[in-house]
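The values are calculated or read from the model by the stated rules, or taken from the named source; none is laboratory data. Just so it is clear, the model here is predicted, and its values are computed rather than measured. FYI the Cβ positions are ideal-geometry reconstructions off the backbone, even for glycines, and counts take in every protein chain you see.
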Amino acid sequence: MTDINLFETVQKHVCTCAFDLKLSSNIEMLLKMPLQEHHVSIPLRMDDGSVKAFQGYRVQYNDARGPTKGGIRFHPDVTIDQIRALAALMTWKCALFRLPLGGAKGGVICNPKELSAGELERLSRAYVKAMAHFIGPDRDIGAPDVGTNSQTMAWMMDEYSKIVGKTTFGIFTGKPVSIGGSEQRDDATARGGWYILEEAAKDLTLDLEKATVAIQGFGNVGENAALLAHPLCGCRVVAVSDSSGGVMNRDGLDIRKLKDHKRKTGSIRNSGLGEEITNKQLLGLDVDILIPAALENAITRVNMGDVRAKIIAEFANGPTTAEADDPMYARGITIIPDILCNAGGVIVSYLEMVQNLNMDHWEKEVIDTRLKKTITETYRAVNGLSRENKISLRRASYSLAVLHVVEAMKVRGWL
Ligand code: NAD
């Protein structure tokens, strides 16, 4: 979206937090550096017989609280700094929710839309082959992210199992249910986001049944956010966009029809379900809730003045740059930060790991109850701290998350 460095954004949040927690400069430096990173070049036989090299990364950011965990992104704009940032965000997210996990992230510079199904499968397997020595179900566990999905996880789990000579469900989460995947994982990120919004709406005395919503992004997270908006909270989704553009209907969009249109045509353009709008217009709509659910750096110093929503719920990772954060908070916009708002995915991934370890499969209701309890309790803790100290939800989230990591580093004797 822009070339603003997400890693610098996340480091700035850690700096603020180190100040709030009065951490020494040595500890602050440790928290701002990844523990390990792996850079691999992956040769891939293409369908036409040629060989192409792809660059892949895995960053294991901090494992003080447990094995590292994080998604794998397939996208042309992947950079090592972006993966470092996303691995850091995973560390703070897992710690905020007190999951017994550290943070990691992986990525491959590629355009999955230009690869055939066969090429995608070979690339997924080759990535695992290249990383196999550095990952493991009790060391570093992968999951889907932008450009990857449950099918990718199935290929990756299968490849890792072949390498180690035994079926190892716990190496990747977000798998299909038929091979150790969890119920509710597909829409867990979006579901968790709505549970948080339900709580936030009570604090802000916003009537969700009358609330309007605009969603940027219509992939795994954005599409599910749109589908769940009304069933979970009674909200009206008036606008949605993807990388091709957006669509708006003030009376409310028919999300199921939009989803069908995307399945048939590959994008949400020209659906006939509303007025065609640009992504820029979507971000500036007069709605109650704006949900960025696409890529990072969507809201910057340049376009923050356009935002008219009362609440920004960061279903995506890093959608607001550090420079846009404080001014919008000062304007009274409630920003529910990524590490709080989109943790539903990793919470259910953790529950998937627990099921895999026990060779068990839990009912939907069990997963949903645990997800809702974990997410709402943490939201209340963050909100309490934010109100008590008159700081933003982001600053409060980072304070709790970093504190949990520092505690673990101390008892392990690292500090
Ligand atoms: P995805 O690849 O399934 O979907 C991404 C969507 O964003 C697509 O609809 C794409 O068209 C759209 N998009 C890309 N560029 C855009 C632009 N400039 N304007 C508008 N839309 C644009 O990815 P996803 O899994 O839905 O992830 C979305 C975000 O949520 C990412 O930040 C990801 O890190 C984060 N996230 C994902 C999960 C998960 O479980 N998948 C969990 C937590 C956080």
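Structure summary
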{"item": "Residue list for the range 356-377, filter: under 30 Å from A330 (Cβ atoms), surrounded by fewer than 20 Cβ atoms within 10 Å (Cβ to Cβ) and either in contact with an Asp or Glu (Cβ under 6 Å, 6 or more places away or on another chain) or β-branched (V, I, T) (or both)", "result": "T376"}
{"item": "Filter result for I268 (in contact with a helix residue (DSSP H, G or I) (Cβ under 6 Å, 6 or more places away or on another chain) and farther than 19 Å from S397 by Cβ)", "result": "yes"}
{"item": "Identity of the residue in the range 185-218, modelled with pLDDT under 95 and within 15 Å of the ligand (Cβ to nearest atom), that ends up nearest to K257 (Cα to Cα)", "result": "D186"}
{"item": "Count - residues of the range 42-62 that are more than 11 Å from E119 (Cα to Cα) and touching a residue at least 40 places away in the same chain (Cβ under 8 Å)", "result": "11"}
{"item": "Residue tally, condition of a type in the set (A, V, I, L, M, F, W, C) and in contact with a Phe, Trp or Tyr (Cβ under 7 Å, 6 or more places away or on another chain), over the range 39-63", "result": "2"}
{"item": "So E388, is it surrounded by 13 or more Cβ atoms within 10 Å (Cβ to Cβ), assigned to a helix (DSSP H, G or I) and of a type in the set (D, E, K, R)", "result": "no"}
{"item": "Number of positions in the range 231-253 that are away from the ligand (no atom under 14 Å from the Cβ), in contact (Cβ under 8 Å) with a residue 24 or more places away in the chain and closer than 24 Å to I196 by Cα", "result": "8"}
{"item": "Condition check for P292: closer than 24 Å to G246 by Cβ and in the same structural domain as L197 (by TED's automatic domain parsing)", "result": "yes"}
{"item": "The range 307-358 - residue that is without any contact (Cβ under 8 Å) to a residue 24 or more places away in the chain and either over 20 Å from R395 (Cβ atoms) or of a type in the set (G, A, S) (or both) and, of those, nearest to the ligand (Cβ to nearest atom)", "result": "V354"}
{"item": "Selection status of R256, more than 16 Å from the ligand (Cβ to nearest atom), in a helix (DSSP H, G or I) and of a type in the set (K, R)", "result": "yes"}
{"item": "The range 174-193 - residue that is part of a helix (DSSP H, G or I) and not aliphatic (A, V, I, L, M) and, of those, farthest from the chain's Cα centre (by Cα)", "result": "S178"}
{"item": "Conditions (1) within 11 Å of the ligand (Cβ to nearest atom); (2) more than 23 Å from the chain's Cα centre (by Cα): number failed by A225", "result": "(2)"}
